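What follows draws every value from the coordinates through simple rules; no lab data is involved. Computed from a predicted structure; not experimentally measured. Reconstructed Cβ throughout: ideal geometry from the backbone, glycine too, with neighbour counts over all protein chains shown.
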Amino acid sequence: MKIKSDFTIQKVGSSYVAIAVGETSKTFRTMIKLNATGAFLWNLLSQKDLTEEELVDALLAEYDVDRETAANDVSKIVAVLTENHLLQ
């Protein structure tokens, strides 16, 4: 899975928001709020096609977290991205 190219994130204070750009911004007018972990995963998914397992491994390499917590975090963000049609 990979983030569609017509979405980007911006840092706003201590959080991040995902927004549509270009033509997509005419129909997708919602902002999705992300924490630092969500932004980390977003950046990975915007660069290349990754599986959930690869995202879990990336979280484990970047953060001091156990596999179960990392898997739950990945599952949550993938669900939000899927629900909002942000993945290709």
*Would you point out which residue out of Ala71, Ala61 is of a type in the set (A, V, I, L, M) and surrounded by fewer than 15 Cβ atoms within 10 Å (Cβ to Cβ)?*
Ala61
*Please enumerate the residues belonging to the stretch 54-86 that are in a helix (DSSP H, G or I), of a type in the set (D, E, K, R) and over 15 Å from Lys2 (Cβ atoms).*
Asp57, Glu62, Arg67, Glu68, Asp73, Lys76, Glu83
_Can you report the number of residues in the stretch 22-47 which are in a loop (DSSP other than H, G, I, E, B), in contact (Cβ under 8 Å) with a residue 40 or more places away in the chain and under 10 Å from the mean Cα position of the chain (by Cα)?_
0
_Please pick out the residue among Ile9, Ile19 that is among the hydrophobic types (A, V, I, L, M, F, W, C), assigned to a strand (DSSP E or B) and without any contact (Cβ under 8 Å) to a residue 24 or more places away in the chain._
Ile19
